[in-house]
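Before any comments, here is the structure.
Derivation of every value follows stated rules applied to the coordinates shown; laboratory data play no part. From a predicted model like this one, the values you see are computed outputs, not experimental measurements. Every residue, glycine among them, receives a Cβ derived from its backbone with ideal geometry; neighbour counts consider all protein chains shown.
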Amino acid sequence: MSALLIGMIAATVLLGYLAGPMLVRFRPLAGHPGALVACWAGLLLSTVTAAAALIAVALLAPPMPGHGLLEWVRDCLPHHSPVAFVLGGLAGLAILFACGARLARGVPRLWRAVRKRRDHRSMLRLVAREDSRNADVLLLDHPLPVAYCLPSRWRPIVLSTGAQTRLTGLQLQAVLAHERAHLRQRHHALLFFLDLAHTLLPWLPTVRLAKTILPTLLEMSADDAAARRWGRRTLADALHKVASAPGLAGALAAAGTGDGQLSLRLARLATSTPVGQAHRTWRAFAWTVAAATATVPIITAAATVSSLAGVC
């Protein structure tokens, strides 16, 4: 039990405080956003898992009050002194209060975002029409060039008539390819998990860095998917034309969420280096890191929590 607990503490410190800053400084992956997205996703999952396991141990390990749940398995509570019960109860209440405060502050905000996205989809059903040429596109009659996607089983991409008018045929296909890459790679789900992790653990450097860096990496990853098929110049010209549209809450727009992000993406597309051609070695390395960082803390956390039944 002691070795597992020390391992969970070490994993939380390494993942929450050191792994994110180290990944930012790892230059060989700097030009491969898809590989970096995989690494950040693994780090986020493992960091949340390790922190949750530590909280569970703090609440369930004797003589914490949550240890009463384990009394059904082992009748061991009478072996602890009254002083230990008092100290454990006070510490457990403090932990419960801190966790409850974070949840009470963050969960309603996440729920409002989900509800706003659902209301947005309901409104689109009233004002938009189906595109006869693309089975996954809704057309919105508006002069501004708008292109974005919302997760849905029914026509998840929204395109304005202004975008159809201003974009050439190839540019329009590049924008649609960008949005389809978002949907295919489940970027909405990753952003939702990122918001949840930042709500629960905003003080960890890895989570704060992911909140800043990951949205741009997701856009770059979708850029790569579109540029590989339709060309960098075609995609860059299309992004220039849709940049005037305002950002939409809960959606992934082709132009991104800010001028700084778009400028960075356009500068990257303008380089002479082929976009998204990650070396197989680095792609394999990225997926190995993502799998290891996500799997090892989960297994360790499960072993640590399950071992609490026999600590007495």
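Would you mind calculating the gained length between ALA189 and ALA291 on full extension (0.36 nm times residue separation, minus the Cα-Cα distance), in nm to one decimal?
My answer for the length gained is 34.9 nm.
Give me the extension gain from SER263 to ALA10: residue separation times 0.36 nm, minus the current Cα-Cα distance, reported in nm with one decimal.
So the chain would gain 87.2 nm between SER263 and ALA10.
Give a quick list of chymotrypsin sites (Phe, Trp or Tyr not before Pro) in region 103-185 that DSSP marks as loop, anything other than H, G, I, E or B, with at most 16 other Cβ atoms within 10 Å.
Within region 103-185, the qualifying chymotrypsin sites (Phe, Trp or Tyr not before Pro) (loop, at most 16 other Cβ atoms within 10 Å) are TRP154.
Testing the spin-label approximation: label points 7 Å from Cα along Cα→Cβ at ALA243 and LEU18. State their distance in nm.
Here the answer is 4.1 nm between the modelled labels.
Could you compute the net charge surrounding ALA222? Neighbours are other residues with a C-beta less than 13 Å from the C-beta of ALA222; K and R count +1, D and E count -1.
Net charge around ALA222: +3.
Answer rounded, prolate or oblate for region 116-161, using the Cα gyration tensor with square roots of eigenvalues a ≥ b ≥ c: rounded when a/c is under 1.5, else prolate when a/b is larger than b/c, else oblate.
oblate
Could you list which residues have their amide H under 5 Å from that of VAL146, counting only those 5 or more apart in sequence or on another chain, with H placed in the peptide plane?
Distant-sequence amide H within range of VAL146: SER160, GLY162, ALA163.
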